[in-house]
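What follows is calculated from the coordinates using simple rules that are stated; it is not laboratory data. This is a predicted model, so every value here is computed, not measured. Methodologically, a virtual Cβ is constructed for each residue, glycine included, from the backbone with ideal geometry; neighbour enumeration extends over all protein chains shown.
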Amino acid sequence: MQASPHTALITAEALRSMLGAGAPLVIVDVGFDLADATAGERAHRAAHLPGAPYAHLERDLSAAPTGRNGRHPLPERAAFAATLARLGITPATQVVVYDRQQSMFAARLWWMLRWLGHAPVAVLDGGLAAWQAIGGPLESGPVTPQPQPAYPIGSVPSPLAPTLDAAALQSKLGQLALIDARAPERFRGDVEPLDARAGHIPGACNRFFKDNLAADGRFKPAGVLREEFSALLQSRPAGAVVHQCGSGVTACHNLLAMAVAGLDGAALYPGSWSEWSADPTRPIAVG
């Protein structure tokens, strides 16, 4: 009997068992450093999980920024489908994604796979550190995945991962729960190291993505996450929630946490603060 797919998190122990049993899966390393765009690839060459190819945040998981569409705009769905085929992923593939940065980049690829309609994808809970903690084997050097036929995409985006653009979000301010995943000091507007203006989108509340994690770097238990997010939602259903951050990356961490909590169905504003703040006509709030 085929095992049930992993669709949110997978433990290091479960992944080791799958590898030991020869289960068909693709593991992808998406480690990245926003201050050094080559650091993730260097770290991957030095050590990665067995057979895991590398996916680069800016080349593979983003389109080119124009200055008005955010720092990490989503690629065209067809371009991302081509990336998946190059990584050896088919619609039936169980995918496991991981990083070295508290799952902030792994969650982006997790969400993007769902955005294309791919359900069997999970984040390695605790990332590389959790794998090393159980003595999981590592490899070094480049990885050449086995390419697959073009990943098929439907004519409409997947309901697994809805999105909202800037115009739609602005028209609905005050009608939905908007959750900002950035650090509190950036949310308040005390500092802004990356984007055009400091502050946040009016009506947003702050849920720093690192608050989803326990002290060991793994996600908090589902019940704890459900209680914490329910307090933010104030009786709104998950479908009335929109997540954003600086550039549409760490917001996916909150989306993953809500999925772990059984609160699936929230949307992503992909452009996030980097797109919103680039337009001087859009309102901002501070404090």
Quiz prompt | Computed Rg/Rh of the range 9-133, alpha carbon atoms with Kirkwood Rh | solution = 0.95
Quiz item: Which whole-number percent is the relative contact order of the chain (Cα, under 8 Å, 6+ apart)?
Solution: 22
Quiz item: If each of residue 132 and residue 37 carries a label point 7 Å out from its Cα toward its Cβ, how far apart are those two points in nm?
Solution: 2.7
Quiz prompt | Estimated FRET transfer efficiency (residue 45, residue 156; beta-carbon r; R0 35 Å; 0.05) | solution = 0.35
Quiz item: Can you sort 104, 112 so the residue with the fewest Cβ neighbours within 10 Å comes first?
Solution: 104, 112
Exercise. Please say if the range 166-276 is rounded, prolate or oblate, where rounded means a/c under 1.5 for a ≥ b ≥ c the square roots of the C-alpha gyration tensor eigenvalues, and otherwise the choice is prolate for a/b larger than b/c and oblate otherwise?
Key: oblate
Quiz item: Can you give the extra length, in nm with one decimal, that the chain gains between residue 206 and residue 146 once fully stretched, where that is 0.36 nm per residue apart less the Cα-Cα distance?
Solution: 17.5 nm
Quiz prompt | Between helix 77-86 and the chain: long-axis angle, C-alpha atoms, 0 to 90°, nearest 10 | solution = 20
Practice problem: At 7 Å along the Cα-to-beta-carbon direction for both residue 230 and residue 214, put a label point, then send me their distance in nm to one decimal. | Solution: 2.0
Self-check item: When the convex hull of its Cα atoms is projected in every direction, mean area for the range 16-72 (nm²)
Solution: 4.9
Practice problem: Could you order peptides 164-171, 242-249, 261-268 by the average number of other Cβ atoms within 10 Å of their residues, highest first? | Solution: 242-249, 261-268, 164-171
Quiz item: Roughly speaking, what is the centre-to-centre gap between the range 32-82 and the range 195-249 when only Cα atoms are used, to the nearest Å?
Solution: 23
Self-check item: Neighbour-count ranking [beta-carbon atoms within 10 angstrom, fewest first] of 269, 98
Solution: 269, 98
Quiz item: Against the longest principal axis of the chain, how steep is helix 222-233, in degrees 0 to 90 to the nearest 10, with axes from Cα atoms?
Solution: 20
Exercise. Return a whole-number percent for the relative contact order of the range 9-133, with Cα pairs under 8 Å and 6 or more residues apart as the contact set.
Key: 33
Exercise. Would you mind ranking 33, 99 by Cβ crowding within 10 Å, fewest neighbours first?
Key: 33, 99
